[in-house]
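Participant: One structure, as structure tokens, below. Some questions next.
Read the figures in this text as sums done on the coordinates, not as results from a lab. Everything quoted here is computed from the prediction, not taken from an experiment. Cβ: placed from backbone, ideal geometry, glycine included. Neighbour counts: every protein chain shown.
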Amino acid sequence: MTDPAHSRYSTGAMIFHWLIAIAVIVTWRIVEAAEHASKVDEAYWMGHHKALGITILLLTLGRLAWRLAHPVPPMSKAVAKWQRLLARGVHILFYVLLIGLPIGGWLATSFYGYGVDMWGLFAVPALPVGESKDIGGQIIGLHKTGGEIMIYLIGLHILGALKHTFWDKDGTLFKMLPFGTVKS
């Protein structure tokens, strides 16, 4: 049996995971609100969407740095190889999107000639790319597609955690929570 202290993610990893998860869901809901708002309100909501996107980027970079210094708990040996590969693939795609989507949004905003206002505290300057609303619009299209992929991955991730926890009864969900029983 694995040492219980090593069968869970570290406290720092849990904090990063849940902060990023909440921020991604809030960012998604904000952009949904912006799409159904008046032009004036749309700008307000998109300002929050962009600032939270940059925050997600910073949290993700922090999580990656944390992960390099703190080992990931092993998967149960009962997990089939294809499920291990799927889990690893989904996590890699999460990191790609959690870094790529905010950078893409920042890049698109930069092509429109704007930086990102961080809730009036400071501004993240526009990237030095010049102005091109056509290129900015194309990047926004890719950004939206990436966001949709992110939502499907979240659904797959949740279903996998629930399947392992309640169907397989291996306690996978509790690896990312400070309570519950994890089996090795």
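Participant: With log10 I(q)/I(0) by the Debye sum over Cα atoms at q = 0.09, 0.11, 0.15, 0.16 Å⁻¹ defined as stated, name the option among [x] -0.42, -0.61, -1.01, -1.10; [y] -0.47, -0.60, -0.90, -0.98; [z] -0.39, -0.56, -0.92, -1.01 computed from the structure displayed.
Facilitator: Derived directly from the coordinates: [z].
Participant: Here's another thing I want to ask about it. For the chain, take the longest principal axis of its alpha carbons; what is the angle in degrees between that and the long axis of helix 81-111, to the nearest 10 within 0 to 90?
Facilitator: 20
Participant: Compute, for the chain, the length of the dipole vector about the Cα centre, with Cβ point charges of +1 (Lys, Arg) and -1 (Asp, Glu) only. Units Debye, rounded to 20. Let's see the in-between values first.
Facilitator: Values: 16 positive and 11 negative charges, 185 e Å.
My answer is approximately 900 debye.
Participant: Show me, for the stretch 49-63, the HN-Hα J-couplings you get by feeding each phi into the Karplus relation (A = 6.51, B = -1.76, C = 1.60, θ = phi - 60°), rounded to Hz, glycine and proline as x.
Facilitator: Each residue's phi maps through the Karplus curve to give 4, 5, 5, 5, x, 5, 4, 4, 4, 5, 4, 5, 5, x, 5 Hz.
Participant: Along Cα→Cβ, 7 Å out, is where each label goes; now give me the distance between the ones at Ile22 and Lys81 in nm to one decimal.
Facilitator: Those two pseudo-labels are separated by 4.1 nm.
Participant: So which lysines can Lys169 reach, going by Cα to Cα under 24 Å and dropping same-chain residues fewer than 8 places off?
Facilitator: Partners found: Lys77, Lys81, Lys183.
Participant: Next up: Nearest 0.05, what FRET efficiency do Arg88 and Asp41 give at R0 = 45 Å with Cβ-Cβ as r? List each step's numbers first, then the result.
Facilitator: Details: r = 41 Å, r/R0 = 0.91.
The formula returns an efficiency of 0.65 here.
Participant: Could I have the simple spin-label model distance between Trp119 and Asp168, label points 7 Å from Cα toward Cβ, reported in nm to one decimal?
Facilitator: That separation, rounded to one decimal, is 3.7 nm.
Participant: Right, here's the next one. Farthest toward the dipole's positive end in the chain, which of Met176, Val24, Leu57, given Cβ charges of +1 (Lys, Arg) and -1 (Asp, Glu) about the Cα centre?
Facilitator: Sorting the options by dipole projection puts first Met176.
Participant: What nm distance separates the two modelled labels at Leu153 and Val72, each placed 7 Å from Cα along Cα→Cβ?
Facilitator: Computed distance between label sites Leu153 and Val72 equals 1.2 nm.
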